[in-house]
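Contents: one structure, followed by commentary.
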Amino acid sequence: MNRVLTTRWLKIPVFVLCLVPALLLVWKAANGDLGANPIEFVTHWTGDWAIRFLCITLAITPVRRLLGLPDLIRFRRMLGLFAFFYASLHFLTWLVLDQFFDWNAMVKDVVKRPFITAGFTAFLLLMPLAVTSTAGWIRRLGGRRWQMLHRLIYVSACIAVVHYYWLVKSDIRLPLLYGAIITVLLAFRLVVHLAKKGRSVRRAAAPGVEV
Ligand code: HEM
């Protein structure tokens, strides 16, 4: 499996697969298949895919470790950028189709409706991650600082869940499901971090002894 993951061309089908939801949306729009309220349809579609890609991106590290597939890391940046891509389409739908570039109405909406405030915050937090996703920025910031910055994706994902939870009127099952997924993924990272810390403390306490 690791050999397949290292093949150069594999990034192309993965890229195309990530584009499928956007292409499907274009297809539906071209065929007048966006339902009675097209703006609502596009908002929900892009919001759903943004949160799904956030979860998929966050799942890469646990899946790499659990299944012993270190080369999955090659796809994490692309998946993260697709999360940003769908969140941008989602934001643009609100900006262009919902608010019609009415800046006053937009500011009012962001300030007055808590679920919009949360969505806006989650989106803003993804911006520096998208900008600094290149190898040049990793070099400029240094690996450690870059990693610290990119932990913002967890904060963004948690706030996105709050955004979803606040906007649903009655059926809270889906926001709770996303909340549970992100909690499990975060817990996994925490356990790995604590285990690593424990190992290095034991090593420092007993130098020369392999633990
Ligand atoms: C990381 C950023 C974001 C994520 C992951 C996200 C995710 C979601 C999700 C999952 C939904 C529900 C879709 C459904 O019900 O099927 C949603 C709805 C919505 N989001 Fe976001 N969102 C984000 C940012 C934003 C931003 C920046 C805005 C606007 C400033 C926004 C405005 C809305 C609106 C207006 C709805 C529809 C509310 C309704 O149906 O009443 N979101 N979003």
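Could you look through the range 168-190, keep only residues that are among the aliphatic types (A, V, I, L, M) and more than 13 Å from the ligand (Cβ to nearest atom), and pick out the one that is surrounded by the most Cβ atoms within 10 Å (Cβ to Cβ)?
Per the criteria, the residue is LEU185.
Being in a loop (DSSP other than H, G, I, E, B) and either exposed (fewer than 12 other Cβ atoms within 10 Å of the Cβ) or within 11 Å of the ligand (Cβ to nearest atom) (or both) is the filter here; which residues of the range 99-112 pass it?
Once the filter is applied, which keeps residues that are in a loop (DSSP other than H, G, I, E, B) and either exposed (fewer than 12 other Cβ atoms within 10 Å of the Cβ) or within 11 Å of the ligand (Cβ to nearest atom) (or both), the range 99-112 yields GLN99, PHE100, PHE101.
Need pairs with beta-carbon distance below 6 Å; first residue closer than 19 Å to HIS163 by Cα and within the range 99-111, second hydroxyl-bearing (Ser, Thr, Tyr) and at pLDDT 95 or above; sequence gap 6+ or separate chains.
Pairs found: VAL110/THR117.
Given PHE85, PHE115, which one is buried (at least 16 other Cβ atoms within 10 Å of the Cβ), within 12 Å of the ligand (Cβ to nearest atom) and at pLDDT 95 or above? Walk me through how you get there before you give the answer.
Values: PHE115 fails: buried (at least 16 other Cβ atoms within 10 Å of the Cβ).
Result of the check over PHE85, PHE115: PHE85.
Within the set of pairs 6 or more residues apart or between chains, which connect a residue that is free of Cβ contacts under 8 Å to residues at least 24 places away in the same chain and over 11 Å from LEU89 (Cα atoms) inside the range 33-45 to a residue that is in a helix (DSSP H, G or I) and among the aliphatic types (A, V, I, L, M) with Cβ atoms less than 7 Å apart?
Listed pairs, sorted by first residue: LEU34/VAL42.
Please list, ordered by first then second residue, the pairs with beta carbon atoms under 8 Å, 6 or more apart or interchain, first in the range 83-97 and part of a helix (DSSP H, G or I), second more than 9 Å from the ligand (Cβ to nearest atom) and at pLDDT below 95.
What qualifies is LEU95/PHE101.
Just one of LEU79, LEU126 is aliphatic (A, V, I, L, M), within 12 Å of the ligand (Cβ to nearest atom) and surrounded by 17 or more Cβ atoms within 10 Å (Cβ to Cβ); which is it?
That would be LEU126, the only listed residue that is aliphatic (A, V, I, L, M), within 12 Å of the ligand (Cβ to nearest atom) and surrounded by 17 or more Cβ atoms within 10 Å (Cβ to Cβ).
Take the residues in the range 34-55 that are among the aliphatic types (A, V, I, L, M) and surrounded by fewer than 19 Cβ atoms within 10 Å (Cβ to Cβ), then tell me which one is nearest to the ligand (Cβ to nearest atom).
ILE39
The values are calculated or read from the model by the stated rules, or taken from the named source; none is laboratory data. If you're wondering where the values come from, they're calculated on a predicted model, not measured in any experiment. Neighbour counts run over all protein chains shown; Cβ positions are idealised from the backbone, glycine included.
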